[in-house]
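The block underneath contains the structure these notes are about, expressed in structure tokens.
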Amino acid sequence: MSMNSFGHLFRVTTWGESHGPALGATVDGCPPNVPVDAGMIQAWLDMRKPGQNKYTTQRQEPDQVEILSGVYQGKTTGTPVQLMIKNVDQRSKDYSDIAEKFRPGHADYSYFLKYGNRDPRGGGRSSARETAARVAAGGLARAAISSVFAGIKIKGYMVQMGPHKIDRANMDIDQIDQNPFWTPDAKAAEKWAVYLDDLRKSGNSVGAIIEVIASGVPAGLGAPVYAKLDTDIATAMMSINAVKAVEIGAGMSAAMLTGEENADEINMGPNGPEFTSNHAGGILGGISTGQDIICRFAVKPTSSILKSRRTITKTGKDAEIITKGRHDPCVGIRAVPVGEAMMACVILDHLLLHRGQIGENQGKIGA
């Protein structure tokens, strides 16, 4: 089994390689009669596409999405939706020097050991270019959420680049779309620009941390033990190429809290239960509480850099390698719309699961 699919009822299968003729996604389980067209999906892909500024790879890909099936007269039919994005700016010759060498930090080594072959042209399936298909599927998921389950909003942003964190006292959601780093801290964006420009010019790269919040999610999504909402969110985010860690709510910081500090106390407010904090990230026992769902994930530095590093060849000889080509100095920048897309896919999947098993929530506070 190749394991290229994720989701339960809203199921996404991605296909294609970085330097192949095209890549895309087959989406099964999207509800029927959801208004959608290529332009609605394209808006999200435009956030992720390369070459938009000097802080991302200069590969010029329009990432133009085509809907090949599952949509008729502007609405989904309930049948599989096929989404395709053509590759138009490959430079496979940039990778000819590394065909026999393994890039340190990249998936070359593990892919070769598993399959006995690998696609050195941009990394094939291990390339971050695969995430374009996820963003397309996420655009469809957003359309379905908006049409069938109104009131849910998903927003992602960068909270850390390398060692440099945002100051949450400066957080302004309106700033996210006003800078190339998708960060809510305008002052941090100014500092990051200088920091990343120096790294880029030196041929180096750096990692980042992305935060994604889903607000307006109703209580009751998820299930105990093996279908926990946070389990599926963590799986979705961890499956993104270059992601090395995921946390929900307080995450790793919860280990530093006492039980008294960590407990999200509950009071009865004028409109129902209210929480005094959200260390749980909107999920308790694998089931949503109605609070904002908060997830963060860490993206490692781009492995393809213009720095000489030691490696070995397929024949087992020591060697040195410098990776040429066009690469992101901080791939975390373009991971923001990818994280949003994966959150949308998981939330829609669990909304459909909940509707199928439970319908309306069974428990009523104060009843």
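The values are calculated or read from the model by the stated rules, or taken from the named source; none is laboratory data. Nothing here was measured: the structure is a model prediction, and the numbers come from that model. Reconstructed Cβ throughout: ideal geometry from the backbone, glycine too, with neighbour counts over all protein chains shown. These area figures cover heavy atoms from the full protein model, side chains too; ligands, DNA and RNA do not enter into them. Shrake-Rupley method; radii C 1.70, N 1.55, O 1.52, S 1.80 Å.
Just a yes or no: is a residue in the range 75-83 among the basic types (Lys, Arg) and at pLDDT 90 or above? For the range 75-83, residues among the basic types (Lys, Arg) and at pLDDT 90 or above: present. I'd like to check something: does the range 16-38 contain any residue that is farther than 24 Å from Met158 by Cβ, assigned to a helix (DSSP H, G or I) and modelled with pLDDT of 95 or more? Checking the range 16-38: at least one residue is farther than 24 Å from Met158 by Cβ, assigned to a helix (DSSP H, G or I) and modelled with pLDDT of 95 or more.
Out of all the residues in the range 112-127, which are in a helix (DSSP H, G or I), out of contact with any strand residue (DSSP E or B) (no Cβ under 9 Å at 6 or more places or on another chain) and closer than 19 Å to Thr323 by Cβ? Scanning the range 112-127 gives Phe112, Gly124, Ser126.
Does the range 120-176 hold any residues that are closer than 25 Å to Ser303 by Cβ, touching a helix residue (DSSP H, G or I) at 6+ places or on another chain (Cβ under 6 Å) and at pLDDT below 95, and which are they? Pro120, Arg121, Thr131, listed by residue number. Restricting the first member to the range 311-329 and to residues that are hydrophobic (A, V, I, L, M, F, W, C) and modelled with pLDDT under 85, and the second to residues that are part of a loop (DSSP other than H, G, I, E, B) and open to solvent by 20 Å² or more (accessible area, probe 1.4 Å), the beta-carbon pairs closer than 9 Å and six or more apart or on different chains are Ile322/Ile305; Ile322/Leu306; Ile322/Lys307; Ile322/Ser308. Among residues of the range 138-157 that are under 18 Å from Asp292 (Cβ atoms), those with a Cβ under 9 angstrom from a residue that is hydroxyl-bearing (Ser, Thr, Tyr) and buried (at least 24 other Cβ atoms within 10 Å of the Cβ), sequence gap 6+ or separate chain, pair up as Tyr157/Thr183.
The residues of the range 69-86 that are polar (S, T, N, Q) and either part of a loop (DSSP other than H, G, I, E, B) or within 22 Å of the chain's Cα centre (by Cα) (or both), listed by number, are Gln73, Thr77, Thr79, Gln82. Just one residue in the set Ala169, Ala186, Ala99 is surrounded by fewer than 18 Cβ atoms within 10 Å (Cβ to Cβ) and within 23 Å of Asp197 (Cα to Cα); that residue is Ala186. Scanning the range 199-218 for residues that are under 14 Å from Pro163 (Cβ atoms) and outside any loop (DSSP other than H, G, I, E, B) yields Leu199, Ala208, Ile209. From the list Pro337, Pro329, the lone residue that is touching a helix residue (DSSP H, G or I) at 6+ places or on another chain (Cβ under 9 Å) and in a loop (DSSP other than H, G, I, E, B) is Pro329. The strands (runs of 3 or more DSSP E) found wholly in the range 262-306 and carrying at least 1 residues that are open to solvent by 50 Å² or more (accessible area, probe 1.4 Å) and not aromatic (Phe, Trp, Tyr) occupy 266-269, 272-275.
In the range 6-17, the residues that are surrounded by fewer than 22 Cβ atoms within 10 Å (Cβ to Cβ) form Cβ pairs under 8 Å with partners that are assigned to a loop (DSSP other than H, G, I, E, B) and at pLDDT 95 or above, at six or more places apart or across chains, as follows: Phe6/Ser239; Leu9/Gly29; Arg11/Gly29.
If you go through the range 220-242 one residue at a time, do you hit one that is out of contact with any helix residue (DSSP H, G or I) (no Cβ under 6 Å at 6 or more places or on another chain), assigned to a loop (DSSP other than H, G, I, E, B), among the basic types (Lys, Arg) and buried (at least 17 other Cβ atoms within 10 Å of the Cβ)? Looking through the range 220-242, at least one residue is out of contact with any helix residue (DSSP H, G or I) (no Cβ under 6 Å at 6 or more places or on another chain), assigned to a loop (DSSP other than H, G, I, E, B), among the basic types (Lys, Arg) and buried (at least 17 other Cβ atoms within 10 Å of the Cβ). Against the numbered list (1) within 18 Å of Ala132 (Cα to Cα); (2) open to solvent by less than 20 Å² (accessible area, probe 1.4 Å), Val34 comes up short only at (1).
Look at the range 236-256: where a residue is modelled with pLDDT of 95 or more and a partner is among the basic types (Lys, Arg) and open to solvent by 50 Å² or more (accessible area, probe 1.4 Å), sitting 6+ places away or on another chain with Cβ atoms under 6 Å, you get Lys244/Lys300.
For the criterion of being modelled with pLDDT under 90 and loosely packed, with under 14 Cβ neighbours inside 10 Å, Lys49 fails.
For the range 18-30, which residues satisfy the criterion of being closer than 14 Å to Pro80 by Cβ and either touching a residue at least 60 places away in the same chain (Cβ under 8 Å) or buried (at least 20 other Cβ atoms within 10 Å of the Cβ) (or both)?
At the first step, the residues of the range 18-30 found to be closer than 14 Å to Pro80 by Cβ are 24-30.
Those that are closer than 14 Å to Pro80 by Cβ and either touching a residue at least 60 places away in the same chain (Cβ under 8 Å) or buried (at least 20 other Cβ atoms within 10 Å of the Cβ) (or both): Gly24, Ala25, Thr26, Val27, Gly29, Cys30.
Any residue at all in the range 77-96 that's in contact with a Pro (Cβ under 6 Å, 6 or more places away or on another chain), of a type in the set (Gly, Ala, Ser) and open to solvent by 30 Å² or more (accessible area, probe 1.4 Å)? So far as the range 77-96 goes, yes, one or more of its residues are in contact with a Pro (Cβ under 6 Å, 6 or more places away or on another chain), of a type in the set (Gly, Ala, Ser) and open to solvent by 30 Å² or more (accessible area, probe 1.4 Å). Looking at the range 295-310, which of the residues that are touching a helix residue (DSSP H, G or I) at 6+ places or on another chain (Cβ under 9 Å) and hydrophobic (A, V, I, L, M, F, W, C) is nearest to Ile233 (Cα to Cα)? Going through the qualifying residues, I end up with Cys295. Selection of the range 310-367 for residues being surrounded by 23 or more Cβ atoms within 10 Å (Cβ to Cβ) and charged (D, E, K, R) yields Asp328, Arg334, Glu340, Asp349.
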